[in-house]
Amino acid sequence: MGLLDDRVVFITGAARGQGRSHAVTFAEQGANIVGVDICRDLEAVPYKLGTAEDLAETAQLVEKAGGQILTAE
């Protein structure tokens, strides 16, 4: 049993970085994940943002950790 069994966690920026890390950690604790990300770069942000491929990788990592995930761009 995990600390978050039967809970749903909504995570923005889930494609990589802290969002991905949080998604996997919450999944390890039993939570189901709703992970969203814009999956494109924005002019106002001076660095590369996550991609659809990154979000798909997050989904694989969550499932490998034993969680379920619904992703959306």
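The condition (being in contact (Cβ under 8 Å) with a residue 12 or more places away in the chain, crowded, with 16+ Cβ neighbours inside 10 Å and either touching a Pro at 6+ places or on another chain (Cβ under 6 Å) or of a type in the set (Phe, Trp, Tyr) (or both)) is satisfied by just one residue among 26, 10: 26. Search the stretch 29-47 for residues being assigned to a strand (DSSP E or B) and not small (Gly, Ala, Ser), and hand back the single one that is surrounded by the most Cβ atoms within 10 Å (Cβ to Cβ). Taking the candidates together, the pick is 33.
Look at (1) surrounded by 13 or more Cβ atoms within 10 Å (Cβ to Cβ); (2) at pLDDT 95 or above and you find that residue 2 fails only one, number (2).
The values are calculated or read from the model by the stated rules, or taken from the named source; none is laboratory data. Since the structure is predicted, the reported quantities are computational estimates derived from the model, not experimental observations. FYI the Cβ positions are ideal-geometry reconstructions off the backbone, even for glycines, and counts take in every protein chain you see.
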